[in-house]
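Below is one structure, written out as structure tokens, with a few remarks after it.
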Amino acid sequence: MTAPRHIAVIDIGKTNAKLALVEAGNLTEIDVRTRPNTVRPGPPWPHFDLDGHWNFLLDGLAGMQAAHGIDAISVTTHGAAAVLLDAEGGLAAPMLDYEHDGPGASAAAYDAIRPPFAETGSPRLPNGLNLGAQLHWMLTEDASVAARVAHVVTYPQYWGFRLTGARATDVSSLGCHTDLWNPWAGRFSSLPARLGLADRFAPARHSSDVLGTVSAKVAARTGLGRDTPVACGIHDSNASLYPHLLGRDAPFAIVSTGTWVVVMAVGGRPVDLDPARDTLVNVSARGEPVPSARFMGGREYERLRGDGTAPTPQDRAAVLSGLHCLPAVERGTGPFPARHGGFTAEPPTEGARTLALAWYLALMTDTCLTLAGAAGPVVVEGPFARNADYLDMLAALHDRVEASGSATGTSAGAAMLVASAPRVAAGPAITCSDRRALRAYAERWRARVEGRDG
């Protein structure tokens, strides 16, 4: 196969669905199209608009093919997600939104069958954030689902299935706090058998495997060549990690930012992960376990951000004098799931709000880095890589912090599954504005969080 020049990346995040055309030589996005990932209310339960996404993707692929040409396709999606297929390849059930509280109704029954953290590296999470809990609830909520399910595919591979007709799961999606995978043994956990689905999960493959080529129907609809290859696909946080796995020596840590802030520590310090604090073991595209920690930073940012006014020196002085944002804004997740947080006082200005929130997000990220045993450079991917105040605080607490130059690390990482892309160069280190003042602020924040402030 000729080395691809243009890779179309299907990138389905929790908030938005995106199609990006990536130039393989420099990993830049030369065409981007998006649509909201709106949750439909049901019946039978809150679910995603998969057919709407499919039409959006086909239209986008056709447009990109006509304008630029497409040589290969790769896929990345959010985690905690799978699609149940019937024997004809249609939906056996709508794809449940993992934030729906339905699985909570059967939590006790699910807890009785879920494997321990020592087997899966997967903490017990609320609602449907454990994919196993989603499956358990759907099977018990609607007894007819079990009879209809012929195949279970993880979410990136659902789009691969629609493109190629080939069914698969991938190790990075199975290793994303699903309870379904043993990351140390590299195989399914005991849970699929307990759910009665052991023979219905599609085979687990590495993310960079070629799933197949586009079907005749897709080729006719989009103008793509029938020989256009489609990569198996990858969980989005692991897509951010993948270029660095290929181009960096351990130890290092990747901070993937979006709806979730996910910290992944490669070659870091040995730590005992605490599942009660939203630590977990992710699985890389290579199938290797990666100690991780996370919090819902993007969602918290959207809840508290205000109008985004840039802080002034006066705002900085006001925040340094004692204005903090404390965890957890999104309760039930992150390192402090039982706390009820927010600003310690109403911010005096919008600029002060912007700054205190940025520093809060950085301090939560630092907490996650510690919990995951991170060592070496810290590389920030995604939207927070453009937040100067966030980077300033993080740089005060770590010897080297880099901001990725990509608008999003997920598209580049997914493209690299099929492209012989250049080695990702280390970015310039962020220079901290006032290390002493920011470290003192961080220590006061920690004291308040830990109840040591008198």
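Read-outs throughout are calculated quantities, based only on the coordinates presented, and are distinct from any laboratory measurement. It should be emphasised that the depicted structure is a prediction, and the values quoted were computed from it without experimental measurement. A quick note on method: Cβ atoms are made from the backbone with ideal geometry, for glycine too, and the neighbour counts reach across all protein chains shown.
A few remarks follow.
- Within the range 6-232, DSSP assigns beta bridges of which about 75% are antiparallel (rounded to the nearest 5).
- Cα-Cα P(r), the chain, percent of pairs per 10 Å interval: 4, 21, 31, 26, 14, 4, 0
- The helix-based estimate of mean residue ellipticity at 222 nm for the chain, built from -39,500 (n - 2.57) per DSSP H run of four or more residues and divided by its residue count, is -9500 deg cm²/dmol to the nearest 500.
- Placing unit charges on the Cβ atoms only, positive for Lys and Arg and negative for Asp and Glu, gives the chain a dipole magnitude near 320 debye about its Cα centre.
- Three principal axis extents of the range 237-449 based on alpha-carbon atoms, in descending order, are 51, 34, 29 Å.
- DSSP bridge orientation in the chain - percent antiparallel, rounded to nearest 5: 70
- Rg in Å to one decimal, and Dmax rounded to a whole Å, for the range 6-232 via C-alpha atoms: 17.6, 54
- Evaluated with a Cβ-only charge set (Lys, Arg +1; Asp, Glu -1), the range 311-378 carries a dipole of roughly 120 debye about its Cα centre, given to the nearest 20.
- Ordering of 244-252, 346-354 by packing [mean C-beta count within 10 Å, highest first]: 346-354, 244-252
- Span-like helix ranges in the chain, DSSP H, alpha carbon extent 30 angstrom or more, Kyte mean at least -1.0: 350-372
- At R0 = 30 Å, FRET efficiency that the Cβ-Cβ distance of residue 452 and residue 303 yields, to 0.05: 0.65
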